[in-house]
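S.K.: Once you've had a glance at the structure underneath, I'll fire off some questions.
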Amino acid sequence: MTDAAAEAKRRRATLIGGTAVLMWGALALLTTWTGAVPPFQLVAMAFSIAFVLTVATWLFRGVDPRSFLRHPAKVWLLGIGGLFGFHFFYFLALKNAPPVEAGLIAYLWPLLIVVFSALLPGEHLTWRHVAGAVAGLTGTILLVTGGGAVHFQSIYVLGYAAAAACALTWTAYSILSRKFGDVPTGTVGWFCAASAALGMICHLIFEETIWPDGGLAWLAVFGLGLGPVGAAFFTWDIGVKRGDIKVLGALSYAAPLISTLLLIAFGKGEPTWIVAAACLLIVGGAVLASLDMLRRRTAT
């Protein structure tokens, strides 16, 4: 394969991985539409839908679902630990710390992905990648805090620790997935199945069952399983395994921005100068981090 062809393949994988960020941007809006459904129940339902849709895709393509089961234990540990572990620690953080502080700590993962990607073979970290990720983090802080102060208190140390574990879990999953590049993306379907089962176990232990109330709520649950808690993990797998993981890390800060803009568009938020400033920081940071890729595309 020529250098130009390899670069085109890498760029395509990066763009595919970037669609996961777009889908995660719809996560907050769809979640608000699900009503009072408890978090772990929602995780179980959404991942179940994702798995059922994946099985339907396998059968339509004539693929044996069992062909995606033959992997070492470390592959399953990484995949299930990444998908379910992220959600488990995130909800644990929200239950034991204020949502603003917990959210900010949890959303360190894009910056951590950019930084730790330097440890991967063939990856080279530049100041533009770091500056772009930091700009995105700054924009996210503005969005989450509304420009107000953030107060960390020692009484919430368990929640902060869970939020940090959340960020580290997704960072590890994304970075280490590159080491298992030969594992087919279809295996993510079984990761979804296992995450659904673990979500249901946690739901039965910690929560009371509340079913979606009304057609919109059920559609929102289906939408979660189709996109943010379904297809997004498949496209992210392609991106982190074959694309520019540093660019993907910086692009990931677009998710809270898209989320905020969607909430505003549907009347669940207000446009402010904070949102405008965050938009400039996040978009500018993403462009800065992607500059090398954009230049190479122009050159070809």
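The values are calculated or read from the model by the stated rules, or taken from the named source; none is laboratory data. Every value quoted in this text rests on a predicted model; they were computed, and no experiment measured them. When we count neighbours, we look across all protein chains shown, and the Cβ atoms used for this are built from the backbone with ideal geometry, even at glycine.
S.K.: Return the residues of the stretch 256-300 that are modelled with pLDDT of 85 or more, in a helix (DSSP H, G or I) and polar (S, T, N, Q); say none if nothing qualifies.
M.R.: S259, T260 - these are the residues of the stretch 256-300 that are modelled with pLDDT of 85 or more, in a helix (DSSP H, G or I) and polar (S, T, N, Q).
S.K.: Sticking with this structure for a sec: Against the definition (assigned to a helix (DSSP H, G or I) and modelled with pLDDT under 90), how does H129 come out, yes or no? Before the answer, list the steps.
M.R.: Numbers: assigned to a helix (DSSP H, G or I): yes; modelled with pLDDT under 90: yes.
It is true that H129 is assigned to a helix (DSSP H, G or I) and modelled with pLDDT under 90.
S.K.: Moving to a separate point now. Can you confirm whether the stretch 123-140 contains a residue that is in contact with an Asp or Glu (Cβ under 9 Å, 6 or more places away or on another chain) and under 18 Å from I238 (Cα atoms)? Explain how you work it out, then say what you get.
M.R.: Restricting attention to the stretch 123-140, the residues satisfying the condition of being in contact with an Asp or Glu (Cβ under 9 Å, 6 or more places away or on another chain) are 123, 126, 128-129.
Restricting the remaining residues to those that are under 18 Å from I238 (Cα atoms) gives 123.
Yes: the stretch 123-140 contains one or more residues that are in contact with an Asp or Glu (Cβ under 9 Å, 6 or more places away or on another chain) and under 18 Å from I238 (Cα atoms).
S.K.: Here is a follow-up. Take the conditions of a type outside the set (D, E, K, R), assigned to a helix (DSSP H, G or I), under 13 Å from S195 (Cβ atoms) and in contact (Cβ under 8 Å) with a residue 40 or more places away in the chain and apply them to T14. Does it pass? Working first, answer last.
M.R.: Details: of a type outside the set (D, E, K, R): yes; assigned to a helix (DSSP H, G or I): yes; under 13 Å from S195 (Cβ atoms): no; in contact (Cβ under 8 Å) with a residue 40 or more places away in the chain: yes.
When the stated conditions are applied, T14 does not pass them.
S.K.: Now for a separate question. With L108, L120, L198 as the choices, which residue is among the hydrophobic types (A, V, I, L, M, F, W, C), within 27 Å of A46 (Cβ to Cβ) and modelled with pLDDT under 95?
M.R.: Working: L120 fails: within 27 Å of A46 (Cβ to Cβ); L198 fails: modelled with pLDDT under 95.
One residue alone meets the criteria, L108.
S.K.: Let me ask you something else. Can you give me the number of residues within the stretch 92-126 that are part of a helix (DSSP H, G or I) and either more than 17 Å from the chain's Cα centre (by Cα) or of a type in the set (A, V, I, L, M, F, W, C) (or both)?
M.R.: Going through the stretch 92-126 one residue at a time, the tally reaches 21.
S.K.: Also, I was wondering about something else. Output yes when any residue across the stretch 49-65 is in contact (Cβ under 8 Å) with a residue 60 or more places away in the chain, under 19 Å from the mean Cα position of the chain (by Cα) and not in a helix (DSSP H, G or I), and no when none is.
M.R.: no
S.K.: Restricting the first residue to the stretch 122-141 and requiring it to be more than 26 Å from D3 (Cα to Cα) and hydroxyl-bearing (S, T, Y), which pairs with a second residue that is in a loop (DSSP other than H, G, I, E, B) and modelled with pLDDT of 85 or more meet a Cβ separation below 6 Å and a spacing of at least six or different chains?
M.R.: T140/Y107; T140/Y253
S.K.: Here is a follow-up. Among the candidates A164, A197, which residue alone is closer than 30 Å to L69 by Cβ and surrounded by fewer than 21 Cβ atoms within 10 Å (Cβ to Cβ)?
M.R.: On the way: A164 fails: closer than 30 Å to L69 by Cβ.
Selected residue: A197, the only one of A164, A197 that is closer than 30 Å to L69 by Cβ and surrounded by fewer than 21 Cβ atoms within 10 Å (Cβ to Cβ).
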